[in-house]
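The values are calculated or read from the model by the stated rules, or taken from the named source; none is laboratory data. Bear in mind that the values here come from a model prediction, so they are computed numbers and not experimental data. Don't worry about glycine lacking a Cβ; one is built from the backbone with ideal geometry, like all the others, and counts go over all protein chains shown. Heads up: the accessible areas ignore ligands, DNA and RNA and are worked out on the full protein's heavy atoms, side chains in. Shrake-Rupley method; radii C 1.70, N 1.55, O 1.52, S 1.80 Å.
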Amino acid sequence: GNIQCDVDNLKLSADPCVPTVIVVVKNDFAKMQLFFEHYRKLGVHQFIVINNESNDGTFEFVKQQSDTRVYTVTEAFQTQKKEAWIEKVIAVTGYNRWYVVVDSDELIDFVGSEEHSLETMIRIMYSKGYKRLWGLLLDMYSKEPLFSIDCSYEKIPEKFCYFDNESYSLNLKNDINAKRENDEIIGGPRYRVFSLLNTQSKQAIFYFEKDNLYRNCHYLYPLIGWGDVPCCFVLRHYKFLKIDEYSYRLRVKDRNFYNDSIEYNKYFEKLSEGNQISFYYEKSNKYENSSSLLKLPFIEKIQWK
């Protein structure tokens, strides 16, 4: 696709363990404010933003950020195109270094994140011989109905502070006839409420080499099995704010997300029945700090040295 660098305030470290965060954005002004604040708290100071025709102030905001390289793509969004943009940017930025590829509504977290940086975690894992890490995509939600909360960006984590810990399960691919070719975590509140079998795991933190193939964060090639590398982080995922409803309805109309935007169709089908739907239930857990993540299955505690 036609991708061009607009602003380059990024001075890449020669040290491969200094992580570079890559994100594709379109009209995500509130979430991008939270995004930069969060990742800077984790010690990140290398960002690449791929801006896809934002017109809500997002582009102006990211252009002003230090430590940030901003690319622009002007073609219409499609999930497959998005992955191609990311792959192209990684190739240009360079092999043999650590990348963190996330969406604008995904905040990486791990037990001990208040004291330890993302870079420290990467160094520990790299020293043990790992070149990618599993993470759990953790849907965060409020007590209120979906799409009902309108709040400033600082308040998002405070309002969307609940998560499931019992609805996630492992889907291992020992079966030759398995539909997907990768081990994964499935479940979560979107499965509990909408019966959506999304992949809830991501290899979003990885060391990229010449023989790797970036298809997307759920599947990096060569494929690995569950247990080959640690699952030691979560992506706190903030998905159903009031500001999201308009863009999700567009996704349904344009059918430009995975499988003709089937996931988004399912949300609005269920919501159009007049239901007010909340993910909150009697087994919901409240996120207080990174130690709250110990309530989750599959998450390994990092041995900080």
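Some points to look at:
- Sole exception among (1) touching a Lys or Arg at 6+ places or on another chain (Cβ under 9 Å); (2) modelled with pLDDT of 75 or more for N216, by number: (2)
- Residues of the range 114-126 that turn out to be among the polar types (S, T, N, Q) and closer than 17 Å to F298 by Cβ, as a count: 0
- Taking the range 228-246 as the range and being under 20 Å from M125 (Cβ atoms) and touching a residue at least 40 places away in the same chain (Cβ under 8 Å) as the test, the residues that pass are V229, P230, C231, C232, F233, V234, L235, R236.
- Sole residue being basic (K, R), under 19 Å from the mean Cα position of the chain (by Cα) and modelled with pLDDT of 80 or more, chosen from K202, K210: K202
- Here the condition is being of a type outside the set (K, R), surrounded by fewer than 22 Cβ atoms within 10 Å (Cβ to Cβ), over 17 Å from the mean Cα position of the chain (by Cα) and at pLDDT below 95; of T74, T79, T93, it holds for T74 alone.
- Residues in the range 6-35 that are part of a strand (DSSP E or B) and open to solvent by less than 60 Å² (accessible area, probe 1.4 Å): V7, T20, V21, I22, V23, V24, V25.
- Tally of residues being open to solvent by 90 Å² or more (accessible area, probe 1.4 Å) and modelled with pLDDT of 95 or more across the range 124-153: 2
- Of all residues in the range 39-66, those that are closer than 15 Å to E106 by Cα, assigned to a helix (DSSP H, G or I) and open to solvent by less than 30 Å² (accessible area, probe 1.4 Å) total 1.
- Test result for R215, within 17 Å of the chain's Cα centre (by Cα) and open to solvent by 60 Å² or more (accessible area, probe 1.4 Å): yes
- Subset of the range 7-28 [of a type in the set (D, E, K, R) and under 21 Å from R40 (Cβ atoms)]: D8, K11, D15, D28
- Flag for E87 being open to solvent by 20 Å² or more (accessible area, probe 1.4 Å), assigned to a helix (DSSP H, G or I) and either free of Cβ contacts under 8 Å to residues at least 24 places away in the same chain or of a type in the set (S, T, N, Q) (or both): no
- Identity of the residue in the range 237-274, in a loop (DSSP other than H, G, I, E, B) and either open to solvent by less than 60 Å² (accessible area, probe 1.4 Å) or modelled with pLDDT of 85 or more (or both), that ends up farthest from E83 (Cα to Cα): L241
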